[in-house]
Amino acid sequence: MEFLCYHRDRPHSAALREELTEAHWSYMDRYAAQLIARGPTLTPDGDTATGSLHIADLPDPTAARAFAFDEPNYQAGVYRDVLLRRWRNVLGRTMWDFPGGREGGNRYLVIGLGSGPAADATPPPGLDDLIAYGPLLSDDGTTWLGTALLVRAPHPGAARALLTHDRYADIEVHHWEFGGRR
(Lines give C-alpha, C1' and ligand atoms only; values in the text may rest on other atoms or scores of the structure.)
Protein backbone atom coordinates (compact mmCIF):
# COMPACT_ATOMS: atom_id res chain seq x y z
CA MET A 1 0.00 0.00 0.00
CA GLU A 2 1.30 3.42 -0.89
CA PHE A 3 0.98 6.37 1.46
CA LEU A 4 1.64 10.09 1.13
CA CYS A 5 3.00 11.72 4.27
CA TYR A 6 3.40 15.49 4.32
CA HIS A 7 4.78 17.00 7.52
CA ARG A 8 4.26 20.79 7.68
CA ASP A 9 6.90 22.72 9.62
CA ARG A 10 6.12 24.66 12.76
CA PRO A 11 7.07 28.35 12.47
CA HIS A 12 10.62 29.14 13.61
CA SER A 13 11.71 25.49 13.68
CA ALA A 14 14.49 25.82 11.06
CA ALA A 15 17.36 25.61 13.59
CA LEU A 16 15.91 22.45 15.16
CA ARG A 17 15.33 20.95 11.70
CA GLU A 18 18.96 21.67 10.78
CA GLU A 19 20.19 20.12 14.03
CA LEU A 20 18.23 16.92 13.26
CA THR A 21 19.20 16.54 9.59
CA GLU A 22 21.38 13.47 10.09
CA ALA A 23 18.84 11.84 12.43
CA HIS A 24 16.10 12.43 9.82
CA TRP A 25 18.17 11.02 6.96
CA SER A 26 19.25 8.01 9.03
CA TYR A 27 15.60 7.30 9.86
CA MET A 28 14.63 7.56 6.19
CA ASP A 29 17.57 5.34 5.18
CA ARG A 30 15.70 2.51 6.94
CA TYR A 31 12.89 2.99 4.39
CA ALA A 32 15.03 3.52 1.28
CA ALA A 33 13.62 0.50 -0.55
CA GLN A 34 10.02 1.62 0.12
CA LEU A 35 10.34 5.29 -0.85
CA ILE A 36 8.63 6.47 -4.02
CA ALA A 37 9.41 10.15 -3.49
CA ARG A 38 10.85 12.41 -0.82
CA GLY A 39 11.98 15.96 -0.32
CA PRO A 40 11.41 19.26 1.39
CA THR A 41 8.89 21.90 0.50
CA LEU A 42 10.36 25.39 0.54
CA THR A 43 9.51 29.07 0.65
CA PRO A 44 9.25 30.57 -2.87
CA ASP A 45 12.84 31.87 -2.63
CA GLY A 46 14.03 28.33 -1.82
CA ASP A 47 15.85 29.45 1.33
CA THR A 48 13.68 27.96 4.08
CA ALA A 49 12.03 24.56 4.44
CA THR A 50 8.28 24.64 5.07
CA GLY A 51 7.64 20.90 5.23
CA SER A 52 8.79 17.43 4.34
CA LEU A 53 7.14 15.08 1.84
CA HIS A 54 7.53 11.31 1.77
CA ILE A 55 5.62 8.87 -0.40
CA ALA A 56 6.26 5.29 0.67
CA ASP A 57 5.06 1.77 0.01
CA LEU A 58 4.23 0.41 3.47
CA PRO A 59 2.38 -2.73 4.63
CA ASP A 60 -0.72 -1.08 6.13
CA PRO A 61 -2.14 2.05 7.79
CA THR A 62 -0.61 1.11 11.16
CA ALA A 63 2.87 0.97 9.62
CA ALA A 64 2.21 4.27 7.85
CA ARG A 65 1.27 5.96 11.14
CA ALA A 66 4.43 4.60 12.78
CA PHE A 67 6.47 5.89 9.81
CA ALA A 68 4.94 9.36 10.13
CA PHE A 69 4.90 9.78 13.90
CA ASP A 70 8.16 8.04 14.90
CA GLU A 71 10.14 10.31 12.54
CA PRO A 72 12.78 12.28 14.54
CA ASN A 73 11.68 15.75 13.39
CA TYR A 74 8.09 14.96 14.36
CA GLN A 75 9.17 13.62 17.75
CA ALA A 76 11.27 16.75 18.42
CA GLY A 77 8.53 19.23 17.46
CA VAL A 78 9.78 20.49 14.08
CA TYR A 79 6.39 19.85 12.50
CA ARG A 80 3.06 21.50 13.31
CA ASP A 81 0.87 18.91 11.60
CA VAL A 82 0.88 15.85 9.37
CA LEU A 83 -1.20 14.91 6.33
CA LEU A 84 -1.14 11.11 6.03
CA ARG A 85 -3.26 9.44 3.34
CA ARG A 86 -3.25 6.34 1.20
CA TRP A 87 -2.09 7.20 -2.28
CA ARG A 88 -2.01 5.27 -5.55
CA ASN A 89 1.09 5.49 -7.73
CA VAL A 90 -0.62 6.05 -11.09
CA LEU A 91 2.70 6.54 -12.92
CA GLY A 92 4.13 3.32 -11.48
CA ARG A 93 7.60 4.72 -10.85
CA THR A 94 9.70 6.51 -8.25
CA MET A 95 11.00 10.06 -8.43
CA TRP A 96 14.44 8.61 -9.23
CA ASP A 97 12.96 7.17 -12.44
CA PHE A 98 11.71 10.61 -13.58
CA PRO A 99 13.30 11.16 -17.02
CA GLY A 100 13.89 14.85 -16.25
CA GLY A 101 16.33 14.06 -13.42
CA ARG A 102 16.65 15.73 -10.04
CA GLU A 103 17.94 19.11 -11.25
CA GLY A 104 16.58 21.88 -13.44
CA GLY A 105 13.32 23.76 -13.53
CA ASN A 106 10.84 24.60 -10.81
CA ARG A 107 9.30 21.65 -8.98
CA TYR A 108 6.06 21.63 -7.02
CA LEU A 109 4.01 19.48 -4.71
CA VAL A 110 0.31 19.95 -5.51
CA ILE A 111 -2.31 18.65 -3.08
CA GLY A 112 -5.98 18.89 -3.99
CA LEU A 113 -8.39 18.05 -1.17
CA GLY A 114 -11.80 17.01 -2.43
CA SER A 115 -14.93 15.02 -1.72
CA GLY A 116 -17.61 13.33 -3.75
CA PRO A 117 -16.95 11.51 -7.01
CA ALA A 118 -13.29 11.12 -7.92
CA ALA A 119 -11.70 13.75 -10.15
CA ASP A 120 -8.45 13.69 -12.10
CA ALA A 121 -8.15 9.91 -11.81
CA THR A 122 -5.68 9.89 -14.69
CA PRO A 123 -2.86 12.34 -15.32
CA PRO A 124 -3.21 14.99 -18.03
CA PRO A 125 -2.17 13.53 -21.40
CA GLY A 126 1.16 14.42 -22.96
CA LEU A 127 2.69 15.86 -19.79
CA ASP A 128 6.31 14.70 -19.56
CA ASP A 129 6.99 16.87 -16.49
CA LEU A 130 5.02 14.73 -14.01
CA ILE A 131 7.30 13.26 -11.37
CA ALA A 132 4.59 11.49 -9.33
CA TYR A 133 0.79 11.44 -9.59
CA GLY A 134 -2.05 9.73 -7.78
CA PRO A 135 -5.29 9.90 -5.83
CA LEU A 136 -5.46 10.43 -2.07
CA LEU A 137 -7.63 7.71 -0.55
CA SER A 138 -9.23 6.61 2.71
CA ASP A 139 -7.30 4.02 4.75
CA ASP A 140 -9.30 1.20 3.19
CA GLY A 141 -8.62 2.56 -0.32
CA THR A 142 -12.29 2.88 -1.29
CA THR A 143 -13.02 6.60 -0.88
CA TRP A 144 -11.40 9.31 -2.98
CA LEU A 145 -10.24 12.23 -0.82
CA GLY A 146 -8.24 14.20 -3.38
CA THR A 147 -5.23 14.10 -5.65
CA ALA A 148 -1.53 14.72 -5.03
CA LEU A 149 1.25 15.15 -7.55
CA LEU A 150 4.81 16.26 -8.03
CA VAL A 151 5.56 18.21 -11.19
CA ARG A 152 8.16 20.34 -12.94
CA ALA A 153 6.35 23.49 -14.08
CA PRO A 154 7.25 27.06 -15.06
CA HIS A 155 5.37 28.61 -12.11
CA PRO A 156 2.92 27.69 -9.29
CA GLY A 157 -0.12 28.63 -11.37
CA ALA A 158 0.83 26.13 -14.08
CA ALA A 159 1.24 23.42 -11.44
CA ARG A 160 -2.13 24.26 -9.87
CA ALA A 161 -3.86 24.17 -13.27
CA LEU A 162 -3.20 20.42 -13.54
CA LEU A 163 -6.14 19.76 -11.21
CA THR A 164 -9.77 20.47 -12.12
CA HIS A 165 -10.33 23.62 -10.06
CA ASP A 166 -14.02 23.22 -9.17
CA ARG A 167 -13.63 19.61 -7.93
CA TYR A 168 -11.55 20.51 -4.87
CA ALA A 169 -12.32 22.32 -1.63
CA ASP A 170 -8.70 23.48 -1.56
CA ILE A 171 -5.63 23.13 -3.75
CA GLU A 172 -2.23 23.69 -2.14
CA VAL A 173 0.88 24.33 -4.23
CA HIS A 174 4.27 24.07 -2.51
CA HIS A 175 7.74 24.64 -3.93
CA TRP A 176 9.45 21.24 -3.66
CA GLU A 177 12.81 19.68 -4.42
CA PHE A 178 14.21 16.15 -4.60
CA GLY A 179 15.36 15.13 -1.14
CA GLY A 180 17.64 12.66 0.51
CA ARG A 181 21.34 12.09 0.48
CA ARG A 182 23.11 13.07 -2.71
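The values are calculated or read from the model by the stated rules, or taken from the named source; none is laboratory data. Please read these numbers as outputs of a predicted model, since none were measured by experiment. We work out accessible area using only protein heavy atoms, side chains counted, and drop any ligands, DNA or RNA first. Shrake-Rupley method; radii C 1.70, N 1.55, O 1.52, S 1.80 Å.
For the chain, with all protein chains present and a 1.4 Å probe, just round the carbon and sulfur fraction of the accessible area to a whole percent.
Carbon and sulfur: 52 percent of the exposed surface of the chain.
Given that compact globular proteins tend to follow 2.2 N^0.38 Å, what is the ratio of the alpha-carbon Rg of segment 1-132 to that value?
Cα-based Rg divided by the globular estimate yields 1.08.
What Kirkwood Rh does segment 71-170 have if only Cα atoms enter the pairwise 1/r average? Answer in Å.
Result for segment 71-170, one decimal place: 14.7 Å.
Would you work out the relative contact order for the chain, in percent, from Cα pairs under 8 angstrom that are 6 or more residues apart?
Here the relative contact order equals 27 percent.
Applying the Karplus parametrisation 6.51 cos²θ - 1.76 cosθ + 1.60 with θ = phi - 60° to the phi angles of segment 155-161, what ³J(HN,Hα) value in whole Hz is obtained for each residue in order, glycine and proline being reported as x?
Values, residue by residue: 6, x, x, 5, 5, 4, 5 Hz.
Through the Karplus equation 6.51 cos²θ - 1.76 cosθ + 1.60, θ set to phi - 60°, convert the phi angles of segment 136-149 into ³J(HN,Hα) values in whole Hz; use x for Gly and Pro.
Computed from phi, the couplings for segment 136-149 are 8, 10, 5, 3, 7, x, 9, 10, 6, 10, x, 9, 9, 8 Hz.
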